[in-house]
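First up is the structure itself, then whatever we jot down about it.
The values are calculated or read from the model by the stated rules, or taken from the named source; none is laboratory data. Everything numeric in this text was worked out from a predicted model, so none of it was measured. Every residue, glycine as well, gets a Cβ built from its backbone with ideal geometry; the counts of neighbours run over all protein chains shown.
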Amino acid sequence: MTIRALLADDQPLVRAGIAMLLEAEPDMEIVAEASDGAEAIALASSQQPDIVLMDVRMPGTDGVEATRRITADGFSHGCDHPVKVLILTTYHVDEAVYSALRAGASGFLLKDAAPTELVAAVRAVAAGEAWLHPAVARNLLAEFAARPESRLPAPAELKQLTAREREVLVLVAHGLSNTEIASQLYVGEATVKTHFGRVLMKLGLRDRAQAVATAYQSGLVRAGNTPSTGGNQQ
């Protein structure tokens with residue numbers, strides 16, 4: 001299966017280099033190139049690529065806002081194939097990482113990464129997995145480790161989740177497996193994994209257990225209630 005990629009970077013030479021690298025792979029294809037965030041949003045909507053390689057700092061609409069728009073619920077026109085975003089930048093400032101992940105990015109890679117790492121990251125993110133550059137991962141792990149053990153997101157923090165991400169969190173809190181959630185929401189299991197991965201990233205949670213605790217602590221789910229989502233249900 002061919003991975004269809006969109007490149008978004010305001011530097012033509014950077015786009016050309018990445019395009020040459022990825023086009024050399026037998027399972028990758030560049031479907032479009034954008035020079036700013038607004039163009040990336042428009043092309044992602046019309047081309048529906050598997051993945052967008054997104055620069056953070058671009059004129060006009062930046063990469064973080066473009067990522068937020070592209071990963072928004074409903075952007076993929078109802079298809080069971082959400083467009084995924086891999087942030088590719090020369091910067092590894094913590095706030096840029098957090099902003100990109102909160103916006104819905106599935107991965108973050110520095111532009112000085114080895115070509116083999118870029119290819120691996122594209123394949124991983126396109127498959128619904130998360131990818132973080134080692135230097136970025138170390139900073140995130142250190143930041144999470146410094147948090148108090150009992151720290152869970154406040155109810156207001158759940159507002160950064162899309163409607164579909166909240167649905168998935170509710171069903172996770174009710175003990176449903178990814179397969180069961182996929183069946184209830186009429187989507188693929190890979191899509192459920194992608195949505196749940198974004199829930200963990202946006203809320204700064206470690207695992208399923210913390211996600212369940214957050215859902216109950218915030219009042220999103222109450223003991224004794226049956227799952228209630230906006231998806232199609234029998």
- Set LEU158, LEU140, LEU110: member being at pLDDT 65 or above, aliphatic (A, V, I, L, M) and within 19 Å of LEU7 (Cα to Cα): LEU110
- Kindly provide the set of residues from the range 37-77 that are more than 18 Å from PRO12 (Cα to Cα) and touching a Phe, Trp or Tyr at 6+ places or on another chain (Cβ under 8 Å), ordered by number. ALA44, SER45, ARG69
- Message: Can you say whether ASP9 is crowded, with 18+ Cβ neighbours inside 10 Å, in contact with a Gly (Cβ under 6 Å, 6 or more places away or on another chain), in the same structural domain as THR67 (by TED's automatic domain parsing) and within 25 Å of GLU65 (Cβ to Cβ), as far as the supplied structure shows?
- Response: no
- Filter the range 153-212 for residues that are surrounded by fewer than 17 Cβ atoms within 10 Å (Cβ to Cβ) and among the β-branched types (Val, Ile, Thr) and give the result. THR179
- Message: So for the range 182-202 (the condition being at pLDDT 80 or above and among the acidic types (Asp, Glu)), does at least one residue qualify?
- Response: yes
- In the range 186-206, residues that are assigned to a helix (DSSP H, G or I) and over 24 Å from GLU157 (Cα atoms) total 2
- Query: Is it fair to say TYR98 is in a loop (DSSP other than H, G, I, E, B), in the same structural domain as ALA16 (by TED's automatic domain parsing) and at pLDDT below 75?
  - Reply: no
- Query: Pick from the range 37-68 the residues that are among the β-branched types (Val, Ile, Thr) and closer than 14 Å to ALA96 by Cβ: which of them is nearest to the chain's Cα centre (by Cα)?
  - Reply: THR67
